[in-house]
Amino acid sequence: MTAWIALGISFLSLLISFLSYLRGRPKVRVTGERVVLVGSSTSGPAIIVSATNVGGAAARVRHVSLHAVRGGVFSYFVGREDTGPHLPVELAAHGGSATWSIDYARLRSAIYGAAIRDRSVALRATVTIGNKVYKQRGYVGVPREGEYSAPVPWRERLRRVVGSWVRPQVGWSPFVTVNDIDLALGTIKWSFSNAGNGLTRKVKLTLVMEEPDGRKSRVEGVEPVYIPRMLPRRSVSVVVPLVDDATGVPGARYWWSVTDGRATGSGYGATTVAEARELVAQHNQRSVPHS
């Protein structure tokens, strides 16, 4: 019995030492995205690569690069012509970060200017710390001239297919029609759909108000709206109350926030009574026959 207790204590001590070792190592998270820079000396489209050290030790970045994951062979290493800290650079432990900006037009010219490619290129950002290479999750698309998006890598396609079965998202149709009956009842009908292959979760919508100073709060006295579970490729209509903005804070904005379940986006703009009256007036005006 004593031997087993000693063995358990030894194993626990070894586990604690191993976890301490992991916490004391640098760990870098890499992100890459295409953005449009405004109001700076490098205004215009750019590829932004960010590295954040979430580990317990400082990390020294040797190289920052972009490598093709689809569309052919291509590699680009961040240099002095790009905006950002000069390499090598050290990232402090527990949150130290650095960001580099690569001119999109120059990068696109380097990809397609010297090579004939049959497919658009998708790039993945990487950061080298010592001998370890950290990669971003996902990719950055750099489409060819006349194309709007780069082909999706097979891992991303697989993730989307699995996600459509495991966690299908709820889509909302923004096209709303209002008539005099809806205005009299103080309600409106919204259409939601399930474009996935699995059964959606029940979604709870809560009315939220944002005041002009930025403060947000739930609207008291308004019951939540529930979107029922939906089978694949099905849609439902849900009755949503109109918001009486006349009794609220002047200049406030209202929306239905997703507070439970999984849906596209973080919420949906609420329709106020004033907006509903304007929609009804426009509909009635179009319905009047011209003499």
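The values are calculated or read from the model by the stated rules, or taken from the named source; none is laboratory data. Given the structure is predicted, the values throughout are model-derived calculations rather than measurements. Backbone-built Cβ (ideal geometry, glycine too); neighbour counts: all protein chains shown. Note: accessible area is taken over every heavy atom of the protein model, side chains too, but ligands, DNA and RNA are not part of it. Shrake-Rupley method; radii C 1.70, N 1.55, O 1.52, S 1.80 Å.
Here are some notes:
- Residue ID - nearest to Val225 (Cα to Cα), chosen from residues in region 167-177 that are crowded, with 16+ Cβ neighbours inside 10 Å and not aliphatic (A, V, I, L, M): Trp172
- Of the listed requirements (1) buried (at least 18 other Cβ atoms within 10 Å of the Cβ); (2) in contact with a Ser or Thr (Cβ under 6 Å, 6 or more places away or on another chain); (3) under 30 Å from Ala58 (Cβ atoms), Thr83 misses just one: (1).
- Cβ-Cβ under 6 Å pairs, at least 6 apart or on other chains, region 207-235 side over 29 Å from Ala252 (Cα atoms) and open to solvent by 90 Å² or more (accessible area, probe 1.4 Å), far side outside any strand (DSSP E or B) and of a type in the set (Ser, Thr, Tyr): Arg229/Thr200
- In region 86-126, of all residues being among the charged types (D, E, K, R) and farther than 15 Å from Tyr76 by Cα, the one that is least open to solvent (accessible area, probe 1.4 Å) corresponds to Arg117.
Condition check ((1) at pLDDT below 85; (2) surrounded by 13 or more Cβ atoms within 10 Å (Cβ to Cβ)) across all residues:
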position: Asn179; (1), (2): yes, yes
position: Leu185; (1), (2): no, no
position: Thr200; (1), (2): no, yes
position: Lys204; (1), (2): no, yes
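- If you go through region 187-198 and keep only what is touching a residue at least 40 places away in the same chain (Cβ under 8 Å) and open to solvent by less than 90 Å² (accessible area, probe 1.4 Å), you end up with Thr187, Ile188, Trp190, Ser191, Phe192, Ser193, Asn194.
The rows are residues; the columns are (1) free of Cβ contacts under 8 Å to residues at least 40 places away in the same chain; (2) aliphatic (A, V, I, L, M); (3) out of contact with any Cys (no Cβ under 7 Å at 6 or more places or on another chain).
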| site | (1), (2), (3) |
| --- | --- |
| Leu66 | no, yes, yes |
| Gly79 | yes, no, yes |
| Pro85 | yes, no, yes |
| His94 | no, no, yes |
| Arg106 | yes, no, yes |
| Ser164 | yes, no, yes |
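- Residue within region 51-60 that is surrounded by 10 or more Cβ atoms within 10 Å (Cβ to Cβ), among the hydrophobic types (A, V, I, L, M, F, W, C), within 20 Å of Tyr112 (Cβ to Cβ) and at pLDDT 75 or above present: no
- Extreme residue, modelled with the highest pLDDT, among residues of region 206-234 that are more than 24 Å from the chain's Cα centre (by Cα) and within 19 Å of Gly163 (Cα to Cα): Leu231
- Residues located in region 63-74, provided they are at pLDDT 90 or above and exposed (fewer than 15 other Cβ atoms within 10 Å of the Cβ): His63
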